[in-house]
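For reference, the structure discussed in these notes is given below.
Since every read-out is calculated from the coordinates, none of them should be taken as a lab result. Bear in mind that the values here come from a model prediction, so they are computed numbers and not experimental data. Every residue, glycine among them, receives a Cβ derived from its backbone with ideal geometry; neighbour counts consider all protein chains shown.
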Amino acid sequence: IINLMEELTLKGVTQFYAFVEEKQKVHCLNTLFSKLRINQSIIFCNSVNRVELLAKKITELGYSCYYIHAKMLQSHRNRVFHDFRNGHCRNLVSSDLFTRGIDIQSVNVVINFDFPKNAETYLHRVGRSGRFGHLGLAVNLITYDDRINLFKIEQELGTEIKPIPAQIEEKLYCI
Amino acid sequence: AEKYRDFKEPPEAVADKIHFIMNNITKDNMEPRSSEIRDRVLPDYLPWFANYMVVKRAAQEANFHTLYMSLLDQLGDRELYRLMVRTTMYYVKVLLYSERILKESNDRALLKNLGTWLGLLTYARNKPVLSRDLELKQVICEAYQRGRLIAVLPFVQKLLEGCRHSRVFKPSNPMVAGILSLLAELHAMKGLKMNNAFSIELIFKAFGLSPHDVKPSDSLKTQTRERITNPDWQLESIQNEFQGGP
């Protein structure tokens, strides 16, 4: 197995968590979208089913979003990714289908709607390849059950994920 | 950059709603979203909205400039248009004369983005940048004197790229012609750093020209420029001049 993790970095990415109950997650997402300045965002869920459900739910709430997951045809995935990259929509709800981190310059916010189970997945979702040193913000929605994984992933990656403050300074994730 | 505050802030709920809309606006949902915006910002919070669009959106999100331009068209409010130009002009000037801009590449990126944005607001719509607001030739001359071309030329480049689709602002236009001949003079000077020369070439390219197609002016050679630690020029050219003439 090739270890791709070393090429990804969390440098320039500011990481926060919000402690929530499962049923508060969508509300929390709404709050983030009302407070942050988001150029484009990627919202990660842990299963294909939850990707589709969340995308449907937030589209009804007026979000501009596409979804992408591992069970879609490759040609559809390419189409969605291409259109997202070209800014036809602002937010992408995604499962863990990328083998490497996603480096789209305009994505300045990544939201882990579901917290990943292991460090490698976390790094692939949130990390950037070091060459492009642009800034980013990662917000993790953490439930009671995720608390142990949060601690474990912080340890393994040697990084700090702080509780989200009331105001996030824009210079942390904007130029 | 410092804040430009002579406007009324909306209540938090209104601001949150506008943030939400602007985080989700696209070409496809432009019509309903723009009327939601109109309902919330007109007429009291228009200056606030213009400021938000310039500082938070146009300056930082170059990838959505076209989108935000069509939003402006869709809103179709002359006062908003006027405020956008005025606000953009204000921040352009703050950045053009800030001390930080020579050190901070992020600030230069903001200025470049505002250049594109201002070009789209003005030249691309066949409207001039009035010299009483921003006298471009003078801006270039001052940058030449003070060693700030490294920040100013990319801005001028982005701004003039707005002329590309204009019916009025062609190389034959006196305003454009004046700037091009000034830039041709600068381009021909010995020791100008590659990145500055390259910015100038890009400007000419936007008009389908090269720097050699235009007769250079002779306004810069009579002006003195910063000698010590001037980042716009190659080191050896500075030294040669110190060692005294031909």
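The relative contact order of the range B:89-246, computed from alpha carbon pairs under 8 Å that lie at least 6 residues apart in sequence, is 24 percent. The trypsin sites (Lys or Arg not before Pro) found in the range A:22-105 that occupy coil by DSSP, while having at most 14 further C-beta atoms within 10 Å, are A:71, A:100.
Of the GluC sites (Glu not before Pro) found in the range A:16-97, those that fall in a DSSP loop while having at most 11 other beta-carbon atoms within 10 Å are A:21. State, as an integer percentage, the relative contact order of chain A based on alpha-carbon contacts under 8 Å between residues 6 or more apart. Rounded, it is 37 percent for chain A. A helix-only calculation puts chain A at -9500 deg cm²/dmol for mean residue ellipticity at 222 nm, using -39500 (n - 2.57) for each DSSP H run of at least four residues, averaged over all residues. The calculated P(r) of the range A:119-171, using every Cα pair and 10 Å bins from 0, goes 19, 52, 27, 2 in percent.
Among the trypsin sites (Lys or Arg not before Pro) in the range B:61-115, those placed in a DSSP loop whose Cβ has at most 13 other Cβ atoms within 10 Å are B:103. Think of the protein assembly as shown as having a plus end and a minus end, set by charges on the Cβ of Lys, Arg, Asp and Glu; of B:20, B:70, A:164, B:70 sits farthest toward the positive end of this dipole.
Here the ratio of the Cα radius of gyration of the protein assembly as shown to 2.2 N^0.38 Å is 1.11. Can you flag which of B:8/B:112; B:27/B:112; A:57/B:8; B:103/B:127; B:158/B:215 are past 26 Å Cα-Cα? As for pairs spanning more than 26 Å Cα to Cα, those are B:8/B:112; A:57/B:8; B:103/B:127. Above 25 Å, the calculated P(r) of chain B contains 47 percent of its Cα-Cα pairs.
Listed by chain and number, the lysines placed with their C-alpha closer than 26 angstrom to that of residue A:162 are A:11, A:23, A:25, A:35, A:117, A:152, A:171, B:56; residues fewer than eight positions away on the same chain are left out.
Candidate cross-link partners of residue B:137 among the aspartates and glutamates, defined by an alpha-carbon separation under 15 Å and a same-chain spacing of 8 or more, comprise B:185, B:218.
Segment residue B:74..residue B:39, full-extension length gain: 11.3 nm, with 0.36 nm per residue of separation and the alpha-carbon distance subtracted.
Shape index of the range B:55-117: Rg/Rh, with Rg the Cα radius of gyration and Rh the Kirkwood radius from the inverse mean 1/r over Cα pairs, equals 1.02. Legend: P(r) of the range B:26-97 from all alpha carbon pair distances, 5 Å bins from 0, whole percents, reading 3, 16, 26, 29, 16, 6, 3, 1. Stokes-Einstein, applied to the Kirkwood radius of the range B:27-147 over Cα pairs at a viscosity of 0.890 mPa s and 25 °C, places its translational diffusion at 160 µm² s⁻¹.
Label-to-label distance for residue B:170 and residue A:73 is 4.9 nm, based on points extended 7 Å past Cα in the beta-carbon direction.
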